[in-house]
Each structure stands twice: as C-alpha cells, then as structure tokens.
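Scroll down for the structure; my scribbles are underneath it.
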Amino acid sequence: MTGSKDPALRQLRANDRWEAVVRGLPLVAHWLDGTPIDDGVQVMARLEDRYRGFVVDGKPVATGVVAVADSWACSNPANGRGASIGMLHAQTLRDQLRAAGLDDPAAFAAAFHAATAENVEPWYRTTLASDRHRLGEIEAGIRGGSYDSEDPAYELENALGAALLQDPECARANLDIRFVLRTPQQVFTRPGLREKVLRLGSGWREAEQFGPTREQLLALISAS
C-alpha cells in the first residue's frame, strides 16, 4: 500500500518489479510459488474516503431510503474491514426495522442514523484515523524522515502490534480489533490493558522490520 504522492512505487504495476519486491519479503515470498490467476498485477487505485448520511442538523433530509455499508461510508480497503463493517451495518438496519418499524418514515430515518452513529461509525472513524497515520508514515519516508504523532491512539495501535507477540491478553485484544468484534475504545477499557500494552510494546519504534527499507525497496524496483 502506498499513497498518491509516491509515484516511484507505481512501477510495481509491472509484473517483474512486483515479483522482485515480493521475493524481498520473507513472510510472503513463497506465494510466488503458486500459479498466477491473472496475467498482470491487479491494482486498486484512486479510492476516496466517503461518508454519506441522510440526517442533517438532527433532521432527516430523505425518507424511504437507507445507505448501508459502502454506500454509507467507505475508506481504504487495505485494513480488510469493509465486509465486516458492512455486515455490522446490515445487522443494525435489521435491529432498527424491528425496534422502530416503518410506520413513521422520519422517525425510522432518525433512529437508524442514531444507531449507525453509535454502533458502526466508530469503526469508520478508527479506520480513517489509522489510514491518516499510515499516509503520514509514507510521506515521511519519501522525505527521508521519520513520522511521529501526539495522537495517543497511534501510540497504542503500534504498541499493541509489538505487545501481541509477548502476551496472550494483548494478542486477544488485537484479534478483537482486527476481526471487528470490539473497537479499540472498547478494548482499552479493560482494566490494566492500556498500561500493559504501552509497557510491553514500548520499543515498537526500534522493532526489526520484516521487509526491506524504503531505500532497499526502490533498489529492488530499479534492479528488476
């Protein structure tokens, strides 16, 4: 995954350059032993974050129609959460159909909007924030610098990635988030978990990389 401000990596659309880079990633290099299912590299590009709601200033502006899943909000698919968030949203729609009914279209629209904001929107906002930090890391790498943020959620996300290899409670917390079972906000209300994650994962900035640096990546692209 990269950003629109990183034209150097667009060369990865070419098969030879893509394969050269994959060979440099020890955890996935063996995938090249398989039989390709397509003649070329399939790219998802020009994707825009989007949010759509039918309630403005507390009042429904459209009734008789609902936006669910990607038609309501979508973001970077690299996190692999889209289908899970969409299913959660569909369940929210089902629950509001049962609870509010359709006799009063305006009341239903308002109830579904409120339920979406409570149950589903936190996942969109969490994913959006994570994406913004990832793009910040990419842009810092292009400049040859490092990225840091004062956002506590950024620190927790990265510390959890390091701590999960050391502690089963941290591993379960990570799976809860990755599988869209509980939001990070919900997970970190568990007594003592935040402190444990920050302690065990405090060295995440110095952790060993599982693949090439940016300089090595560009060298792989150029050599192929």
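The values are calculated or read from the model by the stated rules, or taken from the named source; none is laboratory data. If you're wondering where the values come from, they're calculated on a predicted model, not measured in any experiment. Cβ sites come from the backbone with ideal geometry, for glycine too, and all protein chains shown count toward neighbours.
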Is segment 94-110 home to any residue that is surrounded by 14 or more Cβ atoms within 10 Å (Cβ to Cβ), of a type outside the set (V, I, T) and under 30 Å from P7 (Cβ atoms)?
no
Which members of segment 1-25 meet the condition of being within 23 Å of the chain's Cα centre (by Cα) and part of a loop (DSSP other than H, G, I, E, B)?
M1, T2, G3, S4, K5, D6, L25
Among what's in segment 111-137 and is modelled with pLDDT of 95 or more and aliphatic (A, V, I, L, M), pick the residue that is farthest from the chain's Cα centre (by Cα).
A111
Only one of A140, A114, A153 is surrounded by fewer than 17 Cβ atoms within 10 Å (Cβ to Cβ) and touching a strand residue (DSSP E or B) at 6+ places or on another chain (Cβ under 9 Å); which?
A114
Out of L102, L88, report the one residue that is among the aliphatic types (A, V, I, L, M) and within 21 Å of Y51 (Cβ to Cβ).
L88
So which of E195, E215 ends up being part of a helix (DSSP H, G or I), free of Cβ contacts under 8 Å to residues at least 24 places away in the same chain, more than 29 Å from A8 (Cβ to Cβ) and more than 20 Å from the chain's Cα centre (by Cα)?
E195
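Each row is one residue, and each column tells you yes or no for (1) under 23 Å from L128 (Cα atoms); (2) surrounded by fewer than 12 Cβ atoms within 10 Å (Cβ to Cβ); (3) touching an Asp or Glu at 6+ places or on another chain (Cβ under 7 Å); (4) among the aliphatic types (A, V, I, L, M).
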| position | (1), (2), (3), (4) |
| --- | --- |
| G40 | no, yes, no, no |
| D49 | yes, no, no, no |
| T63 | no, no, no, no |
| N79 | yes, no, no, no |
| S84 | yes, no, no, no |
Find all pairs meeting these conditions: Cβ atoms under 7 angstrom apart; at least six residues apart or on different chains; first residue within segment 112-140 and in contact (Cβ under 8 Å) with a residue 40 or more places away in the chain; second residue acidic (D, E).
L128/D49; S130/E157; I138/D6
